[in-house]
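*Asks:* Just passing along the structure, written as structure tokens.
The values are calculated or read from the model by the stated rules, or taken from the named source; none is laboratory data. The structure displayed is predicted, hence computed values, not measured ones. Cβ placement follows ideal geometry from the backbone for every residue including glycine, while neighbour counts extend to all protein chains displayed.
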Amino acid sequence: MSNVRYLELARQQKKTEGVLELALLPRLEQALRELGVDDAQALSAVSVVYQMQGLPPRYFGDTQLPMLSLAMQTTLPLICQRCFAPLPQALDAQFEFAICDEPPEALLEDEDVDWLEAGAESGIESLVEDELLMALPIAVMHEEECTPLQKSSGEKPNPFAVLKNLKLDK
């Protein structure tokens, strides 16, 4: 994919959109594999739909900065960490970015807006992949109880049962 000049896109309030296959997002693929996803068919079906749009400039304190929005939608084929059953996770995320060389203090305090370096020119894949990696859940589990787990417990005698028969002399 071609590189995107974020500052130009923001200032001209242009829009770019597309679909990224998992093959273009190697770090995301590696992260999914580390989370236990090994189904090649499920991995090959992963695609991310994205839209990046320049927004009107916004003031942070007394500094006006060009803005970008990034929206993306995908379904990730995750695995429940409790019962190891497939647990697909739909992700519909929106992000806003201010474009600047050094972020003003007011921008750093705004939790809803991230910043991109003004001179940054990179592939959209890298930005989308970064945001997806940060959006991955730490521990993937069903909200309700999972299917019953197999318990392999045998009857073991209590090692303290012998003590029950002993009587203390007073």
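*Asks:* Contact list please: Cβ distance under 7 Å, first residue in region 24-38 and among the basic types (Lys, Arg), second residue surrounded by 13 or more Cβ atoms within 10 Å (Cβ to Cβ) and assigned to a helix (DSSP H, G or I), pairs at least six apart or on different chains.
*Replies:* Matching pairs, first to second residue: Arg27/Glu129; Arg27/Leu133.
*Asks:* With closer than 18 Å to Arg11 by Cβ and either of a type in the set (Phe, Trp, Tyr) or out of contact with any His (no Cβ under 6 Å at 6 or more places or on another chain) (or both) as the only criterion, which of Phe60, Phe84 stands out?
*Replies:* On the way: Phe84 fails: closer than 18 Å to Arg11 by Cβ.
Every option except Phe60 fails the conditions.
*Asks:* Checking the condition touching a Ser or Thr at 6+ places or on another chain (Cβ under 6 Å) and either within 24 Å of Ile138 (Cα to Cα) or polar (S, T, N, Q) (or both), which residue from Gln81, Gln53 passes?
*Replies:* Being touching a Ser or Thr at 6+ places or on another chain (Cβ under 6 Å) and either within 24 Å of Ile138 (Cα to Cα) or polar (S, T, N, Q) (or both) holds for just one of Gln81, Gln53, which is Gln53.
*Asks:* Could you list, in sequence order, all residues of region 87-117 that are out of contact with any helix residue (DSSP H, G or I) (no Cβ under 7 Å at 6 or more places or on another chain) and part of a strand (DSSP E or B)? Full working, then the answer.
*Replies:* Here is the first cut: in region 87-117, the ones out of contact with any helix residue (DSSP H, G or I) (no Cβ under 7 Å at 6 or more places or on another chain) are 87-90, 92, 94, 96-97, 100-112, 114, 117.
Matches in region 87-117: Leu87, Pro88, Gln89, Ala90, Asp92, Gln94, Glu96, Phe97, Cys100, Asp114, Glu117.
*Asks:* Please go through region 74-89 and give me each residue that is under 20 Å from Ser126 (Cα atoms) and either surrounded by fewer than 15 Cβ atoms within 10 Å (Cβ to Cβ) or hydroxyl-bearing (Ser, Thr, Tyr) (or both), ordered by number. Steps first, please.
*Replies:* As a first pass, look at region 74-89 and keep what is under 20 Å from Ser126 (Cα atoms): 74-76.
Within region 74-89, Thr74, Thr75 meet the criteria.
*Asks:* Also, I was wondering about something else. Residues in region 121-136: is at least one modelled with pLDDT under 85, of a type in the set (Gly, Ala, Ser) and surrounded by 10 or more Cβ atoms within 10 Å (Cβ to Cβ)?
*Replies:* Yes - at least one qualifying residue is present in region 121-136.
*Asks:* Oh, and also: Given the structure, is Phe60 of a type in the set (Phe, Trp, Tyr), without any contact (Cβ under 8 Å) to a residue 40 or more places away in the chain and either closer than 30 Å to His142 by Cα or surrounded by 15 or more Cβ atoms within 10 Å (Cβ to Cβ) (or both)? Outline the logic, then answer.
*Replies:* Numbers: of a type in the set (Phe, Trp, Tyr): yes; without any contact (Cβ under 8 Å) to a residue 40 or more places away in the chain: no; either closer than 30 Å to His142 by Cα or surrounded by 15 or more Cβ atoms within 10 Å (Cβ to Cβ) (or both): yes.
It is false that Phe60 is of a type in the set (Phe, Trp, Tyr), without any contact (Cβ under 8 Å) to a residue 40 or more places away in the chain and either closer than 30 Å to His142 by Cα or surrounded by 15 or more Cβ atoms within 10 Å (Cβ to Cβ) (or both).
*Asks:* Would a scan of region 14-35 turn up a residue that is more than 21 Å from Glu129 (Cβ to Cβ), in contact with a strand residue (DSSP E or B) (Cβ under 8 Å, 6 or more places away or on another chain) and in a loop (DSSP other than H, G, I, E, B)? Walk me through it before giving the result.
*Replies:* Filtering region 14-35 down to residues more than 21 Å from Glu129 (Cβ to Cβ) leaves 14.
Remaining after also requiring in contact with a strand residue (DSSP E or B) (Cβ under 8 Å, 6 or more places away or on another chain): 14.
Filter again for in a loop (DSSP other than H, G, I, E, B), leaving 14.
Looking through region 14-35, at least one residue is more than 21 Å from Glu129 (Cβ to Cβ), in contact with a strand residue (DSSP E or B) (Cβ under 8 Å, 6 or more places away or on another chain) and in a loop (DSSP other than H, G, I, E, B).
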